[in-house]
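Asker: Input: one structure, supplied below.
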Amino acid sequence: MRGHRRTWEWVFAGLLTGCVPLGQGMAALQGTQAGSTLSGTARFTPMDGGLRITVTVAQAPPGRHGIHIHEQGGCGDSGNAAGGHFNPDGVPHGLLPKDGLTRAHAGDLGNIEIGADGSGTLTLTVPALTLRDGPYAVAGRSIILHEKADDFGQPTGNAGGRIACGVIAVRP
């Protein structure tokens, strides 16, 4: 096929052919609404004591958007199949990199800034999260891009609807 492939096709092919390094994870973000051209990728790289997460988004509405890991690995029903925020400890909503696991959901990644051209990148390292092992493993869960900024209010940050979703897959 000539031209551009949809992002998820590249991710799927990468997982099968080894373009994603061993032991790393990836999710292909796709718009949740029919006809959406929003796309992106989220890469998950194990680091000493945590997980580096790099999210790249294209063709999204400009501005700040909440981004969270959700508990279920599904993007159906306009992203609602992903369930709520990943929160194994039942703690209040917050900003995980700043507040830690005792004062934020394990999926509370904060906001990504999208420029006027519709693109944006967020890179952060989150202590204690893992890909596959332990109570804070993210493999098989979903990453959600929300329509509005996360204001860190309770119970989930008031970030509005789900405009993009991807399931986190790990290459063995």
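Asker: Looking only at the stretch 127-168, filter to residues that are among the basic types (Lys, Arg) and in a loop (DSSP other than H, G, I, E, B); which one of those is surrounded by the fewest Cβ atoms within 10 Å (Cβ to Cβ)?
Answerer: Ranking the candidates gives ARG132 first.
Asker: May I pose another question? When the stretch 46-78 is examined, which residues are found to be crowded, with 21+ Cβ neighbours inside 10 Å and either among the acidic types (Asp, Glu) or within 12 Å of the chain's Cα centre (by Cα) (or both)?
Answerer: ILE53, VAL55, VAL57, HIS65, GLY66, ILE67, HIS68, ILE69, HIS70, CYS75
Asker: Another question, then. Going through the stretch 26-57 one residue at a time, which ones are in a loop (DSSP other than H, G, I, E, B) and farther than 16 Å from GLY74 by Cα?
Answerer: Within the stretch 26-57, ALA34, GLY35, SER36, THR37, LEU38, ASP48, GLY49 qualify.
Asker: Same structure, new question: Of everything in the stretch 98-117 that's among the acidic types (Asp, Glu) and not in a loop (DSSP other than H, G, I, E, B), which residue is surrounded by the fewest Cβ atoms within 10 Å (Cβ to Cβ)?
Answerer: GLU113
Asker: THR32 versus (1) over 20 Å from ARG132 (Cα atoms); (2) free of Cβ contacts under 8 Å to residues at least 24 places away in the same chain: which is the lone unmet condition?
Answerer: Result: THR32 fails condition (2) only.
Read-outs: derived from the displayed coordinates by stated rules, not from any lab. Note that the structure is a prediction, hence the values are computed from the model and not measured. No Cβ is skipped: glycine too gets one built from the backbone with ideal geometry, and neighbour counts run over all protein chains shown.
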